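The block underneath contains the structure these notes are about, expressed in structure tokens.
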Amino acid sequence: MKHLKENYKAHYLALFVENMLNDELLSVDQQMNDRYDLLVKQLMEERY
């Protein structure tokens, strides 16, 4: 990775940003899943 960072800075930066975006997407996905689970739980409680 050090070789990439020193010799191919644009490629390194692109991979770094891609990794950051993937982490952010995973976080948002988890938040949406948690919210969905909560809404389903609330709906089930209202019905019974």
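To the nearest 20 debye, what is the magnitude of the charge dipole of the chain about its Cα centre, counting +1 on the Cβ of each Lys and Arg and -1 on the Cβ of each Asp and Glu?
On the way: 6 positive and 9 negative charges, 51 e Å.
Here the size comes out at about 240 debye.
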Cα-based Rg and Dmax for the chain, in Å, come out at 19.6, 63
Computed ³J(HN,Hα) along the stretch 23-37: with the Karplus parameters 6.51/-1.76/1.60, θ = phi - 60°, integer Hz and x for glycine or proline, the list is 4, 5, 4, 4, 5, 5, 4, 5, 4, 5, 5, 4, 5, 4, 4
Length gained if Arg35 through Asp23 is fully extended, taking 0.36 nm per residue and subtracting the Cα-Cα distance, is 2.5 nm
Only helices counted: for the chain, with every DSSP H run of 4 or more residues adding -39500 (n - 2.57) and the sum spread over all residues, [θ] at 222 nm is -33000 deg cm²/dmol
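Quick note: the coordinates plus some simple rules give every number you see, no bench work behind them. Everything numeric in this text was worked out from a predicted model, so none of it was measured. Glycine gets a Cβ as well: all are built from the backbone with ideal geometry, and neighbour counts include every protein chain shown.
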